[in-house]
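Q: Sharing a structure here in structure tokens format.
The values are calculated or read from the model by the stated rules, or taken from the named source; none is laboratory data. Every value quoted in this text rests on a predicted model; they were computed, and no experiment measured them. When we count neighbours, we look across all protein chains shown, and the Cβ atoms used for this are built from the backbone with ideal geometry, even at glycine. Areas reflect the complete protein model, heavy atoms only, side chains present, ligands, DNA and RNA absent. Shrake-Rupley method; radii C 1.70, N 1.55, O 1.52, S 1.80 Å.
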Amino acid sequence: MEWRKLKNLIILILLVVNGFLLVLVAARSRESSQYERSALDQTVQVLERGGIQVDRSAIFPAGSLAPLSVERDPDQEARLARALLGEDAQGDNQVGGVYLYRSALGEVSLRAGGELTAELAPDSHWETARPEEHAARLLKGLGVDAVLSGTAQEDDRTVLRFTQHREGIPVFSCQIELTYQAGRLCSMKGTLLMAAGGTAEPGQVLTLPTALLRFSEEIAATGDVCTRLWSMEPGWRGTAQSLAGGIRLTPVWLVTTDTASYYLDCVTGSLARASDQ
């Protein structure tokens, strides 16, 4: 047989084998998806028989979320403070891991774990006729990825609440409020994650059916009562590990029900009221 014909035959055999493997992978993927849907359907039915209605369209798997350890970044904090107060802002390392920045434009305090307080002087240049657009643009300019999660209006005061995101995923414990009075930004307070890098910790996240069952078990153990589960949104919750600035990001679901909101740990399945955190 000529080499050219033999080569074409080998290529044809390889194409047939690859096609077969693709079909096999697709079939297994389809079976896996069908199994997951079936398991979720059965779990939802279990909860509904127990008196908890579930909005299937608003519950989402945790995917590849994993516990992360990150380190506080004083340089990033300094850039944020000076963006608010001007380049002449002077920083001072206080007791207990507190960094305090001051200038003629105001004062910014940053603590381990990301707690932030900023008071801006009346003659600061942060004025706008559109607080929501201004706040979103300001946070983006400060290098903070955040999404508006609440608005409150009282007389000439507007309070905007933003939830920080990391790689497009919400960090539920990192929320910042910007207060405008008569169109001028006068204060910021809340928690921002000013951290570098991230080291993943071992831990297998729960599947959605398992997480729902754990939620049902945990809420029954607490004695709380709910009749409807409105949503389950995966994200992180950060806790400071030391005054030096080590921060642990725990993957959680924010579970919203008709009576309260909870954090359900994506790895351990432990449950805590969001209002207690």
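Q: Just give me the residues in the stretch 49-83 being open to solvent by 40 Å² or more (accessible area, probe 1.4 Å), among the charged types (D, E, K, R) and part of a helix (DSSP H, G or I), in sequence order.
A: Arg49, Arg56, Asp75, Arg79, Arg82
Q: Quickly run through the stretch 245-277 and pick out the residues that are among the hydrophobic types (A, V, I, L, M, F, W, C) and part of a loop (DSSP other than H, G, I, E, B).
A: Answer for the stretch 245-277, where residues must be among the hydrophobic types (A, V, I, L, M, F, W, C) and part of a loop (DSSP other than H, G, I, E, B): Ala260, Cys266, Val267.
Q: In the stretch 157-173, which residues are touching a helix residue (DSSP H, G or I) at 6+ places or on another chain (Cβ under 7 Å) and either surrounded by fewer than 17 Cβ atoms within 10 Å (Cβ to Cβ) or among the aromatic types (Phe, Trp, Tyr) (or both)? Steps first, please.
A: Taking the stretch 157-173 first, the residues touching a helix residue (DSSP H, G or I) at 6+ places or on another chain (Cβ under 7 Å) are 158, 160, 162.
Across the stretch 157-173, the qualifying residue is only Phe162.
Q: Turning to a different aspect of this structure: Going by what's in this entry, would Arg161 be described as under 26 Å from the mean Cα position of the chain (by Cα), in a helix (DSSP H, G or I) and under 22 Å from Ala195 (Cα atoms)?
A: Values: under 26 Å from the mean Cα position of the chain (by Cα): yes; in a helix (DSSP H, G or I): no; under 22 Å from Ala195 (Cα atoms): yes.
Considered against the rule, which asks whether it is under 26 Å from the mean Cα position of the chain (by Cα), in a helix (DSSP H, G or I) and under 22 Å from Ala195 (Cα atoms), Arg161 comes out as no.
Q: Being basic (Lys, Arg) and closer than 12 Å to Ala260 by Cβ is the filter here, so list the residues in the stretch 193-233 that pass it.
A: Quick first cut of the stretch 193-233, residues basic (Lys, Arg) only: 214, 228.
Passing the criteria: only Arg228.
Q: Return the residues of the stretch 174-213 that are in a strand (DSSP E or B), surrounded by 20 or more Cβ atoms within 10 Å (Cβ to Cβ) and modelled with pLDDT under 90; say none if nothing qualifies.
A: Ala195
Q: Looking at the stretch 114-143, which of its residues are more than 22 Å from Gly238 (Cα to Cα) and charged (D, E, K, R)?
A: Within the stretch 114-143, Glu119, Asp123, Glu127, Arg130, Glu132, Glu133, Arg137 qualify.
Q: Looking at this structure, is Ala129 within 16 Å of Ala182 (Cβ to Cβ) and part of a strand (DSSP E or B)? If you could, list the steps in order and put the result at the bottom.
A: Numbers: within 16 Å of Ala182 (Cβ to Cβ): yes; part of a strand (DSSP E or B): no.
So Ala129 does not fit the description; no.
Q: Find all pairs meeting these conditions: Cβ atoms under 8 angstrom apart; at least six residues apart or on different chains; first residue within the stretch 45-64 and in contact (Cβ under 8 Å) with a residue 60 or more places away in the chain and closer than 14 Å to Thr256 by Cβ; second residue surrounded by 11 or more Cβ atoms within 10 Å (Cβ to Cβ) and small (Gly, Ala, Ser).
A: Ile52/Ser216; Asp55/Ser231; Ala58/Ser231; Ile59/Ser231
Q: Another one. With the requirement that a residue be open to solvent by 30 Å² or more (accessible area, probe 1.4 Å) and either assigned to a loop (DSSP other than H, G, I, E, B) or farther than 15 Å from Gln175 by Cα (or both), what does the stretch 104-126 give you? Spell out how you get there, then give the answer.
A: The first filter runs over the stretch 104-126 and keeps only residues open to solvent by 30 Å² or more (accessible area, probe 1.4 Å), leaving 104-105, 107, 111, 115, 117, 119, 122-123, 125-126.
Within the stretch 104-126, Ala104, Leu105, Glu107, Arg111, Glu119, Pro122, Asp123, His125, Trp126 qualify.
Q: Please enumerate the residues belonging to the stretch 112-130 that are touching a Leu at 6+ places or on another chain (Cβ under 6 Å) and either over 27 Å from Arg102 (Cβ atoms) or free of Cβ contacts under 8 Å to residues at least 60 places away in the same chain (or both).
A: Once the filter is applied, which keeps residues that are touching a Leu at 6+ places or on another chain (Cβ under 6 Å) and either over 27 Å from Arg102 (Cβ atoms) or free of Cβ contacts under 8 Å to residues at least 60 places away in the same chain (or both), the stretch 112-130 yields Ala121, Trp126.
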